[in-house]
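The values are calculated or read from the model by the stated rules, or taken from the named source; none is laboratory data. The structure presented is a predicted model; accordingly, all values stated were derived computationally and were not measured. Methodologically, a virtual Cβ is constructed for each residue, glycine included, from the backbone with ideal geometry; neighbour enumeration extends over all protein chains shown. Quick note on the areas: whole protein, heavy atoms, side chains included, nothing else; ligands and nucleic acids left out. Shrake-Rupley method; radii C 1.70, N 1.55, O 1.52, S 1.80 Å.
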Amino acid sequence: MAGGWARDGAVSEQIEASISDELARLKARRSPEGESLTHCAECDEPIPEARRRAIPGVKLCIDCMAERDSAFKARGGINRRGSKDSQLK
Ligand SMILES: [Zn+2]
C-alpha cells in the first residue's frame, strides 16, 4: 500500500514538472507581452479587441482557453481525488 501511495506522488510530480516545462518553453519561444494575436492560434477564430487588451500576449480565443483550462483542472482533480481516497482507506 505504501508503495502505491509513493507511486501516485511520483506521477503527479511528473505531471507538474511537465506543465512547468511546457510553460517555460512557451515563454522562451515567444515574448509573452505585447504580442497578442488577432486570431486564435488553435482554431483561427478572431480574438476580440477587448480580450487582447485584457490579456497581453493572448494567443487563444475564449473557447480554446477554457478547453485548455478545464483539461488542466480535470487532470489535477483526478490526481487529488485519487490520493485523498487512498489516505482515507
Ligand atoms: Zn480558438
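Odds and ends about this structure:
- Long-range neighbours under 6 Å by Cβ, at least six apart or interchain, first residue closer than 19 Å to Ala71 by Cβ within the stretch 1-23, second open to solvent by less than 100 Å² (accessible area, probe 1.4 Å) and at pLDDT below 70: Ser12/Asn79
- Cβ pairs under 7 Å, 6+ apart, first in the stretch 50-65 and over 16 Å from Glu35 (Cβ atoms) and away from the ligand (no atom under 11 Å from the Cβ), second of a type in the set (Asp, Glu) and modelled with pLDDT of 90 or more: none
- Candidate set: the stretch 33-46, residues that are within 8 Å of the ligand (Cβ to nearest atom) and surrounded by 12 or more Cβ atoms within 10 Å (Cβ to Cβ); chosen: the one farthest from Ile19 (Cα to Cα): Glu45
- Inside the stretch 44-89, residues that are modelled with pLDDT of 75 or more, part of a helix (DSSP H, G or I) and of a type in the set (Gly, Ala, Ser) make up a count of 5.
- Within the stretch 47-61, the set of residues being touching a Gly at 6+ places or on another chain (Cβ under 8 Å) and open to solvent by 60 Å² or more (accessible area, probe 1.4 Å) comprises just one member, Pro56.
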